[in-house]
1. Kindly provide the helix-only [θ] at 222 nm of the chain, computed as the sum of -39,500 (n - 2.57) over DSSP H runs of four or more divided by all residues, to the nearest 500 deg cm²/dmol?
2. Between the stretch 102-163 and the stretch 173-198, what is the separation of their alpha carbon centroids in Å?
3. Taking all protein chains as present, what is the carbon and sulfur share of the accessible area of the stretch 22-82, in % to the nearest whole number, probe 1.4 Å?
4. State whether the stretch 27-103 is rounded, prolate or oblate according to the following rule on the C-alpha gyration tensor (a ≥ b ≥ c being the square roots of its eigenvalues): a/c under 1.5 gives rounded; otherwise a/b larger than b/c gives prolate, and the remaining case gives oblate.
5. Sort the following peptides by mean Cβ neighbour count (other Cβ atoms within 10 Å, averaged over residues), highest first: 25-34, 185-194.
6. Please give the peptides 57-68, 243-254 ranked by average Cβ packing (other Cβ atoms within 10 Å per residue), highest first, as a rough proxy for protection.
7. Hey, got the dipole for the stretch 66-153? About the Cα centre, +1 on K and R Cβ, -1 on D and E Cβ, debye to the nearest 20?
8. Enter the accessible area per residue of the stretch 164-207 (Å², integer; probe 1.4 Å; all protein chains in place).
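The values are calculated or read from the model by the stated rules, or taken from the named source; none is laboratory data. Bear in mind that the values here come from a model prediction, so they are computed numbers and not experimental data. Cβ placement follows ideal geometry from the backbone for every residue including glycine, while neighbour counts extend to all protein chains displayed. Keep in mind that these areas ignore ligands, DNA and RNA; they rest on the heavy atoms of the full protein, side chains included. Shrake-Rupley method; radii C 1.70, N 1.55, O 1.52, S 1.80 Å.
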Amino acid sequence: MTGSMQGKVALVTGGASGIGRAAAIIFAREGASVTIADTSIEPGEAVAQEIRSAGGNAIFVKTDVTCEDDIRKMVAKTVETFGGLDAAFNNAGTSGSFSTAATCTNEEWDRVMDINARSVSLCMKHEIPELLKRGGGGILNTASRAGDSGSPNMYTYITSKHAVVGMTRAAAIDFATRGIRVNALCPGFTYTGMIADAAKGAGLPPLEDVAKLMVPMQRIAEAEEQGEVAVFLCSDRASYITGHAMPVDGGMSATH
Ligand code: NAI
């Protein structure tokens, strides 16, 4: 019995916490050597250490995904350490502040688009040449339910996540005959630091109550439930899936 990522090399941006952390641990469980990339140093190092303590291979590379030079170094360090790259989970993101098309400042637009959208494009730009050297591989970009639908006061976040779905589809088509599959993960409400902060900032009722109203399964996802799908979509087990924006949302997308 071997794991779905046995002998492969994966990198995860935003791997220090939440969905990225869960995915990094599952990549390692499935046999991959893993690079954890994040701005958050101590938690990122801790995820790498946790994987190594369990017998896996992992490194942490401090990376700000808004900085192309950091992304170049993240990919180079991965290839130098593990010999190549087979799978990339471009997942780092921010919730952004609450605004509309009329109130969003230019600074907020640039900040959220840089972290959530431009970063994903820059990551793919530097990952794709390495995947091509291995004859292909899997890229997964974290979008959101907000990549496919709107909701009030989340102008920049929704715009940035629609961009992630768009660039995923475009890249999937461009590289479909060259062995590279590109998909997007569209999580619904998931227990992580980000959603706890966003809910507090919005003055929302407890998330569990929101889930009872909005989610057919009437609960919030665990980060591991996103991580399992992420690793599947990056693995050869998803060999005929590309250009897909996969909702993992307890049925929310079935309601509209
Ligand atoms: P999280 O806050 O636990 O993880 C985000 C990670 O990204 C953190 O470790 C943070 O340090 C890192 N990060 C932020 N800016 C960065 C930068 N410039 N460079 C490198 N790393 C950076 O949150 P979560 O929920 O795990 O978020 C992961 C992805 O999932 C995000 O793209 C988010 O938009 C998306 N998402 C989350 C949902 C949820 O309910 N938690 C729902 C839909 C999408």
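1. -14000 deg cm²/dmol
2. Cα centroid of the stretch 102-163 versus Cα centroid of the stretch 173-198: 9 Å apart.
3. The nonpolar share, carbon plus sulfur, comes to 48 percent.
4. Prolate.
5. 25-34, 185-194
6. My ranking of the peptides, most packed first, is 57-68, 243-254.
7. 240 debye
8. Value for the stretch 164-207: 47 Å² per residue.
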